[in-house]
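Engineer: One structure coming up, written as structure tokens, with questions to follow.
The values are calculated or read from the model by the stated rules, or taken from the named source; none is laboratory data. Note that the structure is predicted; figures quoted are calculated from it, not measured. In this analysis, Cβ positions are derived from the backbone assuming ideal geometry, glycine residues included, and neighbour counts consider all displayed protein chains.
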Amino acid sequence: MKRTTQLLLTALLAGSLLLASCAPGEVETSAVPDVSDTEPAPFVPPAETPATWSEFDLNTSWLETDPHIELTEGNTRTEWPGAKLVGGDLYIKQPGTYVLSGTLNGQLFISVDKTTKVHLVFKGFTVHEEGLTPILCERADKVCITLADGTENYVNDLHSGFVDGGTPPDGRNAGAIHAKMGLTINGNGSLTVNSTYRHGIVSNSNLRIVSGDITVNAVEEGLKGKESVSIRGGNISIASCDDGIKVNQADEEDQGFFAMEGGTVKINTEADGIDVIKYVRIVGGSLQVQSFDHAIVTDGSVSIAGTPTIRLHADSGKADSDAKGIKADGDVTVEGGTLLITKAFEGIESKNASVRIAGGRVVVHATNDGVNGGSLISVEGGSLHVVSGGDGLDSGGNIRFAGGSTVICSSPSNAYAPMDVPEGSEILTDGGFVLAYGSLNAVQFPSQSSAQPFLAATVSMKQGTVYALRDKDGNNVVTFTAKENALTLCVSSSDLTAGEYTLYKDVTPEGNETDGIYASSNGGEAVETFSIS
């Protein structure tokens, strides 16, 4: 979903700019040493990812003998080894390392032999451009931008905007920083990219971010790597009218992914937060997405492992919003970390495959289904807490609990149920802890073939009341606050055995509430007694 309104790019400078459209002149061809791309010392992320990091990607150093291009007021120099100013534009025609500072009111254009690399060091560097792409990497093997420690750097694309279906002007590419090859950003300085034209930072191949404080404001997509986007660290903030992060090409086996190993990423977008064609793999760092459409969407799979903290809020603010927290055609797997979906139409959807929770902590607040699995929903470890306005768990096949802790509160409407499977499929409580409550008419309880005992009952419960289920000796099975009015209750636990259990209301809980339940409770008024045979 794309909005035509443009963002207010506060970092843009007012006033007229010097525009240049001259053809590149001849530049000095003195030898500039190339940079290597051998493998660095091993990096061990919290869990395995498809991202790769070469020595070139990680290199943040430069030499005093490297060309230092200082574009300061009063400086009349126009040539450096391998680089030249022509009509206000800066052309780099030889591989090597270049240290840039000052302000360029024109285009930075890079074109070297396609087997060689260019290392740009931004050391207090600003580019303002309106007529052309501000930074265009036309030809090279790879390009790396290092943000020098403690420096502030800016790239401002001041073009009036791109019209869908129109022909872009000469010298125009989609990104304010646009590389037609692999692009890496590293270093510990800051970079702010403002684009009133289209995208923020684009690589036609692999976009890798190692470190740095990076802010992107764009009227279309924020970050785009056609083949992949990988994030190892840094602090990245994206505000966009189109997708926050986009990957749209998977012609080869090693293409089409988004990988996050660390760092902090914040996305605020009027479209999808992260839109990836093949798969998403997040194993570390902090990711926050606030989107009008889906927070994470892919034609393939989503896997979360390691130690990330992920917070997703998908809502257009319209009554008919169908924005989803995670929407995948393939499997969705959570093996570690924390996943908080604070609002979405559906929290997690695997359209054609399975949703598997094997570790970590997952909390879902959805206006419709909490978790929707095309073929299977399996909870094997970790914790899952669902509060939904539709079905809590809705599977196209079985729902199986084999470990971990699951708490489900579904809509009180009779059209929905805490757990929903089609005819011929089963709900199996084979292990772990399960608490589920909701409406009566559509309710489905676990199968008698389940390996672990369960209690399934009809009982009236009131929203906001604290309840406790205890055995005949007064031992606590579960204490919880009802998040909605409910007429059914299902509990499965390894603590359950044959005998009588009583539900109490208005109890005094002990400890803090965690994902819907308390450690224990005291007192209360007996509501009803149930038997497990």
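Engineer: Test of understanding: among Asp391, Asp369, which residue is assigned to a loop (DSSP other than H, G, I, E, B), at pLDDT 95 or above and in contact with a Pro (Cβ under 9 Å, 6 or more places away or on another chain)?
Structural biologist: Step by step, each of Asp391, Asp369 is checked, and only Asp391 is assigned to a loop (DSSP other than H, G, I, E, B), at pLDDT 95 or above and in contact with a Pro (Cβ under 9 Å, 6 or more places away or on another chain).
Engineer: Return a yes/no flag: does the stretch 346-364 have any residue that is surrounded by 24 or more Cβ atoms within 10 Å (Cβ to Cβ), within 17 Å of the chain's Cα centre (by Cα), among the charged types (D, E, K, R) and not in a loop (DSSP other than H, G, I, E, B).
Structural biologist: Checked the stretch 346-364: at least one residue is surrounded by 24 or more Cβ atoms within 10 Å (Cβ to Cβ), within 17 Å of the chain's Cα centre (by Cα), among the charged types (D, E, K, R) and not in a loop (DSSP other than H, G, I, E, B).
Engineer: Still on this structure, I have one more. Give me the residue from the stretch 293-328 that is at pLDDT below 95 and of a type in the set (Ser, Thr, Tyr) and, out of that set, nearest to Asn368 (Cα to Cα).
Structural biologist: Ser321
Engineer: Hey, Leu312 hits all of (1) farther than 26 Å from Gly212 by Cβ; (2) assigned to a strand (DSSP E or B); (3) hydrophobic (A, V, I, L, M, F, W, C) but one; which does it fall short on?
Structural biologist: (1)
The rows are residues; the columns are (1) touching a residue at least 40 places away in the same chain (Cβ under 8 Å); (2) among the aliphatic types (A, V, I, L, M); (3) within 24 Å of Gly392 (Cα to Cα).
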site: Ala451; (1), (2), (3): no, yes, yes
site: Val459; (1), (2), (3): yes, yes, yes
site: Gly474; (1), (2), (3): no, no, no
site: Cys490; (1), (2), (3): yes, no, yes
site: Thr497; (1), (2), (3): yes, no, no
site: Glu500; (1), (2), (3): no, no, no
site: Val507; (1), (2), (3): yes, yes, no
site: Glu513; (1), (2), (3): no, no, yes
site: Ala526; (1), (2), (3): no, yes, no
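Engineer: Please go through the stretch 279-313 and give me each residue that is surrounded by fewer than 24 Cβ atoms within 10 Å (Cβ to Cβ), more than 16 Å from Ser354 (Cα to Cα) and without any contact (Cβ under 8 Å) to a residue 40 or more places away in the chain, ordered by number.
Structural biologist: Hits for the stretch 279-313 are Ser286, Gln288, Gln290, Thr309, Arg311, His313.
Engineer: Still on this structure: Is it the case, given these coordinates, that Asp473 is crowded, with 21+ Cβ neighbours inside 10 Å and assigned to a loop (DSSP other than H, G, I, E, B)?
Structural biologist: Judged against the criteria, Asp473 is not a match.
Engineer: Now a separate question. Name the residue, out of Ser411, Ser321, that is part of a loop (DSSP other than H, G, I, E, B), crowded, with 22+ Cβ neighbours inside 10 Å and of a type in the set (S, T, N, Q).
Structural biologist: Values: Ser321 fails: crowded, with 22+ Cβ neighbours inside 10 Å.
One residue alone meets the criteria, Ser411.
Engineer: Go over the candidates Ser375, Ser316 one by one and state the one that is out of contact with any strand residue (DSSP E or B) (no Cβ under 8 Å at 6 or more places or on another chain), surrounded by fewer than 19 Cβ atoms within 10 Å (Cβ to Cβ) and of a type in the set (Ser, Thr, Tyr).
Structural biologist: Ser316
Engineer: I've got another one for you. Quick test of your reading of the structure: Glu130 fulfils all but one of (1) touching a helix residue (DSSP H, G or I) at 6+ places or on another chain (Cβ under 6 Å); (2) at pLDDT below 95. Name the failing condition by number.
Structural biologist: (1)
Engineer: Thr103 fails exactly one of the following numbered conditions: (1) farther than 23 Å from Val210 by Cβ; (2) in a strand (DSSP E or B); (3) among the polar types (S, T, N, Q); (4) under 32 Å from the mean Cα position of the chain (by Cα). What is the number of that condition?
Structural biologist: (4)
The rows are residues; the columns are (1) over 23 Å from Glu510 (Cβ atoms); (2) assigned by TED's automatic domain parsing to the domain that holds Ser388; (3) touching a strand residue (DSSP E or B) at 6+ places or on another chain (Cβ under 9 Å).
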| residue | (1), (2), (3) |
| --- | --- |
| Leu440 | yes, yes, yes |
| Phe445 | yes, yes, yes |
| Ser449 | yes, yes, yes |
| Ser460 | yes, no, yes |
| Tyr467 | no, no, yes |
| Val477 | no, no, yes |
| Asn485 | yes, no, yes |
| Cys490 | yes, no, yes |
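Engineer: Right, next: Can you pull out every residue in the stretch 180-194 that is over 18 Å from Arg232 (Cβ atoms) and either at pLDDT below 95 or over 22 Å from the mean Cα position of the chain (by Cα) (or both)?
Structural biologist: Of the stretch 180-194, the ones over 18 Å from Arg232 (Cβ atoms) are 180-181, 192-194.
Once the filter is applied, which keeps residues that are over 18 Å from Arg232 (Cβ atoms) and either at pLDDT below 95 or over 22 Å from the mean Cα position of the chain (by Cα) (or both), the stretch 180-194 yields Lys180, Met181.
Engineer: When the residues of the stretch 331-345 are filtered to those that are of a type outside the set (S, T, N, Q) and surrounded by fewer than 20 Cβ atoms within 10 Å (Cβ to Cβ), which remaining residue is farthest from Val297 (Cα to Cα)?
Structural biologist: To start, the set of residues in the stretch 331-345 that are of a type outside the set (S, T, N, Q) comprises 331-332, 334-337, 339-341, 343-345.
Pick out the ones that are also surrounded by fewer than 20 Cβ atoms within 10 Å (Cβ to Cβ) and you get 335, 340, 343.
Values: Glu335: 19, Leu340: 16, Lys343: 15 Å.
Checking each candidate, the answer is Glu335.
Engineer: Within the group Ser101, Ser160, which residue is within 25 Å of His199 (Cα to Cα), in the same structural domain as Asn206 (by TED's automatic domain parsing) and at pLDDT 95 or above?
Structural biologist: Only one candidate qualifies: Ser101.
Engineer: Which condition from (1) closer than 17 Å to Thr126 by Cα; (2) buried (at least 21 other Cβ atoms within 10 Å of the Cβ); (3) touching an Asp or Glu at 6+ places or on another chain (Cβ under 8 Å) is the one that Ser101 breaks?
Structural biologist: The number of the failed condition is (2).
Engineer: Do we find a residue being free of Cβ contacts under 8 Å to residues at least 40 places away in the same chain, under 19 Å from Lys278 (Cβ atoms) and not basic (Lys, Arg) anywhere in the stretch 209-219?
Structural biologist: no
Engineer: Looking at Glu513, is it closer than 22 Å to Val387 by Cα, acidic (Asp, Glu) and surrounded by fewer than 20 Cβ atoms within 10 Å (Cβ to Cβ)? Talk me through it step by step, then tell me what you get.
Structural biologist: Details: closer than 22 Å to Val387 by Cα: yes; acidic (Asp, Glu): yes; surrounded by fewer than 20 Cβ atoms within 10 Å (Cβ to Cβ): yes.
So Glu513 passes the test.
Engineer: Also, I was wondering about something else. With respect to Arg198, is the statement that it is surrounded by 19 or more Cβ atoms within 10 Å (Cβ to Cβ), closer than 27 Å to Gly263 by Cα and modelled with pLDDT of 95 or more true? Don't jump to the end; show me each part of the working.
Structural biologist: Details: surrounded by 19 or more Cβ atoms within 10 Å (Cβ to Cβ): yes; closer than 27 Å to Gly263 by Cα: yes; modelled with pLDDT of 95 or more: no.
Taking the combined requirement at face value, the residue does not satisfy it.
Engineer: Next question, about the same structure. Within the stretch 41-61, can one find any residue that is surrounded by fewer than 13 Cβ atoms within 10 Å (Cβ to Cβ) and modelled with pLDDT of 95 or more?
Structural biologist: yes
Engineer: So, Leu384, is that one assigned to a strand (DSSP E or B) and farther than 27 Å from Asp329 by Cα or not?
Structural biologist: Answer is no for this residue.
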